[in-house]
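Some notes on the structure that comes next.
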Amino acid sequence: MRKWIFSILFLLLTFNSFSQDLMGERIRRVSGSKKSVYFDSGIFHNGGPKRKSGLKAVRHSYTDKKGYERVVFDFTSKEIPRVYGNISSGEKKLYIDLFDTDLGSNMGSFGKSKFIDEIKFFPISKDSLSIEITFNKIVNVDIFYLNSPGRLVFDIK
């Protein structure tokens with residue numbers, strides 16, 4: 001009995017130390033319109049159904065007047081695919097998982113950005129794409145999507 005209790009206690013402590021604290025993170029649902037609610041950490045998702053799509057372009061623009069840089073992910077579908085992501089201010093990174101999405105073969109150069117150092121694409125499988133965006137400083141991000149065609153929009157300041 002004593003061995004059994006110690007084994008369970010060991011497993012609980014081991015799994016707890018290596019897992020992500022989802023209860024400590026705020027989980028946000030991505031809106032279908034701009035809300036101007038900026039955050040620097042937490043989890044986000046669109047809650048959408050599985051939808052086959054392809055990422056065809058990533059573009060950006062910055063204007064001093066608006067005070068933010070807009071980064072847009074353009075998709076081949078009318079609506080965005082299922083999206084889960086996490087912004088980590090400690091790592092200065094944004095992680096995005098796009099389900100049932102493939103990486104377009106004609107992705108051009110992203111160019112120079114005010115806030116982004118690099119974007120890495122990880123095609124996990126034919127139908128799954130992970131993206132890692134590294135920022136050059138701690139940023140705040142407003143995330144929303146647009147339809148017809150599907151676009152995932154990040155306003156960064």
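Bear in mind these aren't lab numbers, they're just calculated from the coordinates by the rules spelled out. Every value quoted in this text rests on a predicted model; they were computed, and no experiment measured them. Positions of Cβ are backbone-derived with ideal geometry, glycine not excepted, and every protein chain shown enters the neighbour counts.
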With label points set 7 Å from each Cα along the Cα-to-Cβ direction at K78 and L103, the distance between them in nm comes to 2.9 nm
Expected vector for region 43-60, Karplus 3J(HN,Hα) from phi with 6.51, -1.76, 1.60 and θ = phi - 60°, integer Hz, x for Gly and Pro, equals 9, 9, 7, 9, x, x, x, 5, 9, 5, 7, x, 8, 9, 6, 10, 10, 8
Between the modelled labels at K137 and E118 (7 Å from Cα along Cα→Cβ) the distance in nm is 2.2 nm
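Based on the mean of other Cβ atoms within 10 Å per residue, sort peptides 99-111, 49-61, 133-145 so the most packed one is first. Please report the intermediate quantities before stating the final value.
Working: 99-111: 13.5, 49-61: 16.1, 133-145: 18.2.
Sorting 99-111, 49-61, 133-145 by mean packing, highest first, produces 133-145, 49-61, 99-111.
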Percent relative contact order for region 93-145, counting Cα pairs under 8 Å at least six residues apart, stands at 45 percent
